[in-house]
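**Q** Sharing a structure with you now.
The values are calculated or read from the model by the stated rules, or taken from the named source; none is laboratory data. Values in this document were obtained by computation on a predicted structure and should not be read as measured data. Methodologically, a virtual Cβ is constructed for each residue, glycine included, from the backbone with ideal geometry; neighbour enumeration extends over all protein chains shown.
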Amino acid sequence: MKTQYYTATSLDGFIATEDDSLDWLFSLGDLTNSSYPAFIAEVGALVMGASTYEWIVRNADQVAAETGAAWPYTQPVWVFTSRKLPLIEGAIIRFVKGDVQPIHKEMREAAAGKNIWIVGGGDLAGQFYDAGLLDELIVQIGSATLGRGKQLFPRRVLSPTLRLVSVRQMGAGMAELRYDVSKTQGR
Ligand SMILES: NC(=O)c1ccc[n+]([C@@H]2O[C@H](COP(=O)([O-])OP(=O)(O)OC[C@H]3O[C@@H](n4cnc5c(N)ncnc54)[C@H](OP(=O)(O)O)[C@@H]3O)[C@@H](O)[C@H]2O)c1
């Protein structure tokens, strides 16, 4: 059972534009020919921040076209927010805030031996990292730059650096890197 931050980024380290657009991303890869189907099959619980959740709510039609459903997750999802956000019909969602540690404990129990997926954004993944709870970073790096935007992982990881465990090319538009974070943290 692992806690994984699985995401796509621009070559210059942004997961979305400043105004939360992902239009740059969709032409770069194809979900069905990626690691996603095998990855999501092992996920038992998901967690995301408010902006990521609001993107899914705003882009329900596009999500449905890409994945076959406006809310593509059958697993329970925890959404971090300080606000009251609309609930999507049929989704298993818990709105939470504050310290990630007790929420991670709840998620572990719900995931029942499967993995926990931190969907994003970068700072939320950073909060799990800060608490020593992030095991893996799996990142698809797109062959595009944005110049500015929402950061992949706004943390300084220097000593030791992350431990790269695999590299996979996905066509001309993407490369996937997998990092073992838990070894980095000496746990
Ligand atoms: N490229 C990709 O594969 C990918 C993957 C995931 C997401 N995205 C996109 O990237 C963007 C990410 O946006 P973002 O960087 O703003 O991150 P985000 O994590 O989605 O949202 C940040 C918000 O989450 C809430 N939050 C975070 N930690 C909290 C805590 N401990 N307690 C309470 N609330 C907390 C706050 O919302 P409140 O305002 O409610 O307090 C905060 O403003 C989105 O556009 C998303 O669609 C892209």
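**Q** Would you tally the residues in the stretch 14-29 being among the small types (G, A, S), surrounded by fewer than 17 Cβ atoms within 10 Å (Cβ to Cβ) and more than 8 Å from the ligand (Cβ to nearest atom)?
**A** First, the residues of the stretch 14-29 that are among the small types (G, A, S): 16, 21, 27, 29.
Narrowing further to those that are surrounded by fewer than 17 Cβ atoms within 10 Å (Cβ to Cβ): 21, 27.
Now restrict to residues that are more than 8 Å from the ligand (Cβ to nearest atom): 27.
Residues flagged as among the small types (G, A, S), surrounded by fewer than 17 Cβ atoms within 10 Å (Cβ to Cβ) and more than 8 Å from the ligand (Cβ to nearest atom) within the stretch 14-29 amount to 1.
**Q** Separate question: Quick one: which strands (runs of 3 or more DSSP E) lie wholly within the stretch 95-187 and hold at least 2 residues that are in contact with a strand residue (DSSP E or B) (Cβ under 7 Å, 6 or more places away or on another chain), of a type in the set (A, V, I, L, M, F, W, C) and surrounded by fewer than 16 Cβ atoms within 10 Å (Cβ to Cβ)?
**A** Details: elements: 115-120, 136-142, 163-170, 174-180.
The strands (runs of 3 or more DSSP E) meeting that bar are 163-170.
**Q** Another one. So, F80, is that one of a type in the set (F, W, Y), within 8 Å of the ligand (Cβ to nearest atom) and closer than 24 Å to E136 by Cα or not?
**A** Values: of a type in the set (F, W, Y): yes; within 8 Å of the ligand (Cβ to nearest atom): yes; closer than 24 Å to E136 by Cα: yes.
Yes.
**Q** Let me ask another. Give all pairs with beta carbons closer than 9 Å in which a residue from the stretch 154-169 that is within 11 Å of V181 (Cβ to Cβ) meets a residue that is loosely packed, with under 10 Cβ neighbours inside 10 Å; count only pairs at least 6 apart in sequence or on separate chains.
**A** Filtered contacts from the stretch 154-169: P160/G186.
**Q** Just name the residue that is nearest to the ligand (Cβ to nearest atom) out of those in the stretch 30-77 that are over 27 Å from M1 (Cα atoms) and within 15 Å of the chain's Cα centre (by Cα).
**A** W55
**Q** Would you point out which residue out of A172, A131 is small (G, A, S), at pLDDT 95 or above and on the phi < 0 side of the Ramachandran plot?
**A** On the way: A172 fails: at pLDDT 95 or above.
Only one candidate qualifies: A131.
**Q** Which of the residues that make up the stretch 40-73 are at pLDDT 95 or above, of a type outside the set (F, W, Y) and assigned to a loop (DSSP other than H, G, I, E, B)?
**A** Correct list: E42 only.
**Q** I need the full set of residues from the stretch 76-87 which are assigned to a loop (DSSP other than H, G, I, E, B) and either farther than 14 Å from V119 by Cβ or in contact (Cβ under 8 Å) with a residue 40 or more places away in the chain (or both), in order please. Give the steps one after another, and end with the answer.
**A** Of all residues in the stretch 76-87, those assigned to a loop (DSSP other than H, G, I, E, B) come to 76, 81-87.
The answer is S82, R83, K84, L85, P86, L87.
**Q** Then there's this: Go through the residues of the stretch 114-128 one by one and say whether even a single one is over 14 Å from the mean Cα position of the chain (by Cα) and within 16 Å of the ligand (Cβ to nearest atom). Full working, then the answer.
**A** Within the stretch 114-128, the first condition is being over 14 Å from the mean Cα position of the chain (by Cα), and the residues that meet it are 114.
Of the ones still in play, those that are also within 16 Å of the ligand (Cβ to nearest atom) are none.
No; the residues of the stretch 114-128 include none that is over 14 Å from the mean Cα position of the chain (by Cα) and within 16 Å of the ligand (Cβ to nearest atom).
**Q** Got at least one residue in the stretch 153-169 being within 15 Å of the ligand (Cβ to nearest atom) and within 17 Å of A8 (Cβ to Cβ)? Steps first, answer last, please.
**A** To start, the set of residues in the stretch 153-169 that are within 15 Å of the ligand (Cβ to nearest atom) comprises 153-155.
Those still in the list that are within 17 Å of A8 (Cβ to Cβ) too: 153-154.
Checked the stretch 153-169: at least one residue is within 15 Å of the ligand (Cβ to nearest atom) and within 17 Å of A8 (Cβ to Cβ).
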